[in-house]
Amino acid sequence: MVFSRSIVAELSSTAGAVFTVLFSIIFSVALVRILGQAAVGTVDSGAVFAIVALTALTTLPTVLALTLFIAVLMTVSRSYRDSEMVVWFAAGQSLFAWIRPVARFAAPIVLLIAVLALLITPWANQQIAESRQRFAQRDDVSRVSPGRFIESAGAKRVFFVESVDLHGGTVRNLFVSHRSQGREGVIVAREGVIEVRPNGDRYLVLLQGRRYEGTPGAPQYRLLEFDRYGIRLDIRPDAPLAELNARSKPTRQLLAEVTPFHRAELLWRLGLPVVALLLALLAIPLGHVNPRVGRSANLIIAVLVFLLYHNGMSIVQAWVQQQRLSFAVGVWITHAVAAALVVLLFTRRVYWQRWIPRPIGARRPAA
């Protein structure tokens, strides 16, 4: 009992350090990526940190599963390296005795992963998708930031303004580059205002400006001075949001709507807590280290096992989406292979010596 409590305590401290490192890396990568998207105008700059936080939330199930795997692996490896396992085996205990404290430590983490995968992550994906779609459906002027070149939603114009008054619906010192029917044009104006027509269409009306238009490579360009010039904006703000994809839909909706994409997403969500539990058990025999040889080989094998398991889940999910594999088979086939590997490795460490079987009832010598 005392030894089990010490194992749980060591697993907790190791998992805390591993989670801190992994989550910091994931958060930093997400922050850099989304800041880059905001810089080019594909993400609302005012919602960057909210989107980063939601994105980090969607990665938590995988991060927690990897944290659990690494924490158990490092704890078992340290016990072998410091010869604590010699004392453990000399006391008549088996490697199977590690299952109970590891399962006790892993149970709340697996439960948290299940809650995140089934409830929290779909909600976070939904918030991210709605935020991106709302920003994409804003009219061109609403997306413009002062002092930056912003491409329009239809990719037909590039805007640059010196200042924007969204409350008053005006822009000042406006530059617009556009292309239409093989001709390129540039419009400059001192001021522009937004006008809404009775049918709901929105126009940017430019005041006191010039328009230059011509064909690239040709010397003939046309110059037009105007007092008022209207540009129809690409998107109506009241346009409905597009239907959310399967990753953004609640689990109850996936259960109600039987489609290949919904079944594949449900398979992934149900599999994440099972993956975490099996990886925690798999780390016990994988953590074996010969103190006189080193631990590099086992760590490499452990990383490969995690990648194969994770990629295997992705492959099965894709097969279910493509209807090449039924949901009833895909939901368990990958985990069955992982469970068989757990049994094989435990049998190898407890009952076999150099892959040569010996009697099951025989005790393993302390080593």
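The set of residues in segment 88-135 that are without any contact (Cβ under 8 Å) to a residue 12 or more places away in the chain and closer than 23 Å to residue 250 by Cα comprises 108, 115.
The set of residues in segment 254-268 being under 21 Å from the mean Cα position of the chain (by Cα) and either of a type in the set (Asp, Glu) or over 18 Å from residue 322 (Cα atoms) (or both) consists of 265 alone.
Taking every residue in segment 305-325 that is in the same structural domain as residue 286 (by TED's automatic domain parsing) and pairing it with any residue that is aromatic (Phe, Trp, Tyr) and part of a helix (DSSP H, G or I), at least 6 positions away or on another chain, the pairs with Cβ-Cβ distances below 7 Å are 306/69; 313/268; 317/268; 320/327; 321/261; 325/319.
Please determine whether any residue of segment 301-318 is under 26 Å from residue 86 (Cα atoms), at pLDDT below 90, not in a helix (DSSP H, G or I) and not polar (S, T, N, Q). Looking through segment 301-318, none of the residues is under 26 Å from residue 86 (Cα atoms), at pLDDT below 90, not in a helix (DSSP H, G or I) and not polar (S, T, N, Q). The residues of segment 322-332 that are among the hydrophobic types (A, V, I, L, M, F, W, C), in a helix (DSSP H, G or I) and surrounded by 14 or more Cβ atoms within 10 Å (Cβ to Cβ), listed by number, are 327, 331, 332. Would you please list the contacts, defined by Cβ atoms under 7 Å and residues six or more apart or on different chains, that run from a residue in segment 197-212 that is in the same structural domain as residue 170 (by TED's automatic domain parsing) and under 20 Å from residue 184 (Cα atoms) to a residue that is modelled with pLDDT of 70 or more and of a type in the set (Asp, Glu)? Taking only residues 6 or more apart or on different chains, the pairs are 205/195; 210/225.
The values are calculated or read from the model by the stated rules, or taken from the named source; none is laboratory data. From a predicted model like this one, the values you see are computed outputs, not experimental measurements. Positions of Cβ are backbone-derived with ideal geometry, glycine not excepted, and every protein chain shown enters the neighbour counts.
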